[in-house]
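First the structure, in the form of C-alpha cells, and then the observations on it.
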Amino acid sequence: MKIVNTLPRAVTIKEVRVETEQVKTFVLDISVGAKPGQFVNVWIPGLDEKPFSVAMDNGSELHLAIAAVGPFSNKMHELKAGDRVGVRGPFGTRFTCKEGEHLAFLAGGYGAAPLYFFAHEAVAKACTVEFIVGARRKDLLLFTDRIEKLFSTSSALRSSLHVATNDGSAGHKGFNTEVLEEIVGKEKISCIYTVGPEIMMFKAMKLAQAKGIDAQISVERYMKCGFGICGNCCVDGLGVPTCIEGPVMPLKKVLKLRDFGSYHRDKLGKKIAF
Amino acid sequence: MADLSVEFCGIKFKNPLVLASGILGVTADSMANVVRCGAGGVTSKSLWPYEHMGHPNPVIITSEHWMLNAVGIPDAGPEKAREEIARFREVCDAPFIANIVGGVMDDYAQIASEVATMHPDMVEVNISCPNVEDELGKPMACSIGKSAEVTRLVKERLREAGSEKIPVVVKLSPNVEDIVSIASSVLDAGADGITAINSVGPGMVIDIDFARPVLANKVGGLTGPAIKPLSVKYVYDIYKAKKCPIIGTGGVTTGRDAIEMMMAGAGLVGVGSAVWLHGPEVFGKIAEEMNEWCDANGVKKISSLIGKAHENR
C-alpha cells in the first residue's frame, strides 16, 4: 500500500528492556503493521530522526532494538517508559518465505532482532530455521535466549540456534559466516537471510552465489526521508533507493549492485569504502 | 503515436519530462534509473563549490496533496560532481542539466568554472531555494539586481572556460513580488531560459502532540499537486511577457498536468514531487498519458502545444 501521508505519530514508550551493554529494546505503544525486514523512522523532536529496523510488531506493540552508537541512539538510551517519540512508517521491503522450507538466518550484531521477528513467521509456516548469531563476545550476543525459547515450542523443534563469537567465549570461535558455510555444506538450504555488517553479508552473498542458493539481504544505506524522494540511499548499479526497493533485496538484485561490499555513501553522497 | 520529442535551447530531448532538481539526483546511477523509467532528461541536485551540510531530519514530510521539504541542499562538492557526471555520461545518453548554487556571489562564479569543465548539456542556476540563507538573503538572490549579477557571473565563467555554448537557465522563486521582472532581468543578463518555479512558501507543519514544527528546519518549501495552479500561472505570465524557453515545474503528476504546463508556455516540464506518489516510474506514466491525449486530440507533435493557451484570449 502506498503511504501518502508521512507525518509522524507521537507514540509512548511502554517499556525499555536492557538487552546487552550496547543494546536496549524500546517497546512502543503502537502497531504500525510492520512486517519483518521493514523499518520505521524514529523522531526525537529537537534532535533528529533516524531509521530503525523493526524488532517486532505484534499487532499491539512495536519493538525496536537500538544500539547506542551515536548522538541519536545515545539520547534514545536516556529515554524511559512514559516518554514519547515520533514514529513514521513502516517503510521498505520485507523478508518472505514459503511453507515448509529449510532456511538459514545469518545475523551479525543487532541483525538478530529483525531476523528474530521473521523467525516467528518462518516457524508458523512450518519452516526449519538454522539461526546463526554472531558477536565479538558472549555478552554482546543479541536475542539468543529468545530465539532458543521460540525454537523450544513444539512447532519449531527442528529449528536450531548456532552461535559464533570472535573470542570463542560462546559457540564457534571465529566468524558466523564459517558456521553458515558448514551448514550449507551439510543441509539442503533453500534461502539465506542476512542482516548485519555488510562485509559479513557480502560473504553470505558470495556463498549463496557459489552454492546456487537463493538469498534475501538487508542492504543498509544512509537514509534521510525514508520514502524514495531525497535520493541519499540510492545504490549504484541499479540506482534505486534502498528505502523503497530495500532494505531487503533478493540475491539477483544485490548481484547487480556496484557498491555492495565495496562502498557506501555518507549524508552528503560521498563514497566511503568499507 | 505522437512525436513527444522537443528541442530546448538547441538540445534535443526524447520527451519534455525532466527530473526536477532536488529529487533523487545525488548519484549518476539514480539519474540513469530515472531515464530508464521514462524521463527525457535529468537535473542534478544543486552543486556547491564546496562541501555543504544539509539540515537534520526530519527533512521531508508529505500529505495527500503536498510535500514540504527542507533538506538544506547537502552536497559533497565538485570532485564528487565530476565523478558522477562522468559516470552518467558512460551509462546514459539523455541530456544532463547541472543545477548549481552558492551562498555568496563568488560561490556561483567558482561552481560555474567547475561545472564548465564537466560538460553538462545545460546549467540551471538555483537562486531560489527557500531553505538556505547567506549574504544573498532569502530567497537567495531573488532581487532584480542580484539575479542579473549571478547570471552575468555564471555566463562569464562559462565563457572563460570555453563553454559559452552551454545554455544557462535560471530557476526562479515564486516567493517574490514580481517574478516577471526577475525573469526579464536574468534574460537581459544573458540567461537562455527560465525554470519556474522553485518551491512555494516556505510553509510550516506543527505536530500538535509535540507542540512544535515537524521539520527540523521548522519551515520548508511547499511542492506537489497543491502548487500546480501557481506554477502554471507563473509560467503563463513569464511566457506571455518574454516568449523565452521555460522549464515549467511545480505539481505535475499526470499527462494532462504536463500538457497544461506546456500550454502555459513550458518547453520542458520538470517533475519532482510526483516521484513520492508514483515512484520514478511516474515519468513513463506521464509520457504515456501525454501520448494518449495527443492521439485522442489529433496532436502530431507535442512541441506544437507550447504556449497554446495564449492563442485563446
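The values are calculated or read from the model by the stated rules, or taken from the named source; none is laboratory data. Model, not experiment: these values are computed from the prediction. Glycine gets a Cβ as well: all are built from the backbone with ideal geometry, and neighbour counts include every protein chain shown.
Considering only region B:63-78, I want to know if a residue exists there that is surrounded by 24 or more Cβ atoms within 10 Å (Cβ to Cβ), more than 9 Å from chain A (Cβ to nearest Cβ) and at negative phi. Yes, there is a match, as at least one residue in region B:63-78 is surrounded by 24 or more Cβ atoms within 10 Å (Cβ to Cβ), more than 9 Å from chain A (Cβ to nearest Cβ) and at negative phi.
Counting only helices (runs of 4 or more DSSP H) wholly contained in region A:63-178, the ones carrying 1 or more residues that are of a type in the set (Ser, Thr, Tyr), assigned by TED's automatic domain parsing to the domain that holds A:Val195 and within 24 Å of A:Ser31 (Cβ to Cβ) occupy A:112-124. A:Glu220 satisfies every condition listed in (1) touching a residue at least 12 places away in the same chain (Cβ under 8 Å); (2) part of a loop (DSSP other than H, G, I, E, B); (3) more than 16 Å from the chain's Cα centre (by Cα); (4) surrounded by fewer than 22 Cβ atoms within 10 Å (Cβ to Cβ) except (3).
Whether any residue in region B:23-40 is closer than 20 Å to B:Leu172 by Cβ and more than 7 Å from every other protein chain (Cβ to nearest Cβ) is what I want to check. Taking every residue of region B:23-40 in turn, none turns out to be closer than 20 Å to B:Leu172 by Cβ and more than 7 Å from every other protein chain (Cβ to nearest Cβ). When residues in region A:175-198 are screened for being in contact (Cβ under 8 Å) with a residue 12 or more places away in the chain and either out of contact with any helix residue (DSSP H, G or I) (no Cβ under 9 Å at 6 or more places or on another chain) or not β-branched (Val, Ile, Thr) (or both), 15 of them pass. Hey, does region B:42-53 have a residue that's farther than 21 Å from B:Ala112 by Cα, more than 10 Å from chain A (Cβ to nearest Cβ), buried (at least 24 other Cβ atoms within 10 Å of the Cβ) and touching a residue at least 60 places away in the same chain (Cβ under 8 Å)? Checked region B:42-53: no residue is farther than 21 Å from B:Ala112 by Cα, more than 10 Å from chain A (Cβ to nearest Cβ), buried (at least 24 other Cβ atoms within 10 Å of the Cβ) and touching a residue at least 60 places away in the same chain (Cβ under 8 Å). Of the residues making up region B:79-102, those that are in contact with a strand residue (DSSP E or B) (Cβ under 7 Å, 6 or more places away or on another chain) and either without any contact (Cβ under 8 Å) to a residue 60 or more places away in the chain or at the interface with chain A (Cβ under 8 Å from one of its Cβ atoms) (or both) are B:Ala81, B:Ile85, B:Ala98, B:Ile100, B:Val101.
Whether any residue in region A:240-248 is without any contact (Cβ under 8 Å) to a residue 40 or more places away in the chain and either closer than 19 Å to B:Lys80 by Cβ or among the aromatic types (Phe, Trp, Tyr) (or both) is what I want to check. Checked region A:240-248: at least one residue is without any contact (Cβ under 8 Å) to a residue 40 or more places away in the chain and either closer than 19 Å to B:Lys80 by Cβ or among the aromatic types (Phe, Trp, Tyr) (or both). Looking at region A:82-139, which of the residues that are of a type outside the set (Gly, Ala, Ser) and within 14 Å of another protein chain (Cβ to nearest Cβ) is farthest from A:Gly226 (Cα to Cα)? Among residues in region A:82-139 that are of a type outside the set (Gly, Ala, Ser) and within 14 Å of another protein chain (Cβ to nearest Cβ), the one farthest from A:Gly226 (Cα to Cα) is A:Asp83.
If I filter region A:210-218 for residues that are among the small types (Gly, Ala, Ser) and within 14 Å of another protein chain (Cβ to nearest Cβ), do I get at least one hit? Taking every residue of region A:210-218 in turn, none turns out to be among the small types (Gly, Ala, Ser) and within 14 Å of another protein chain (Cβ to nearest Cβ).
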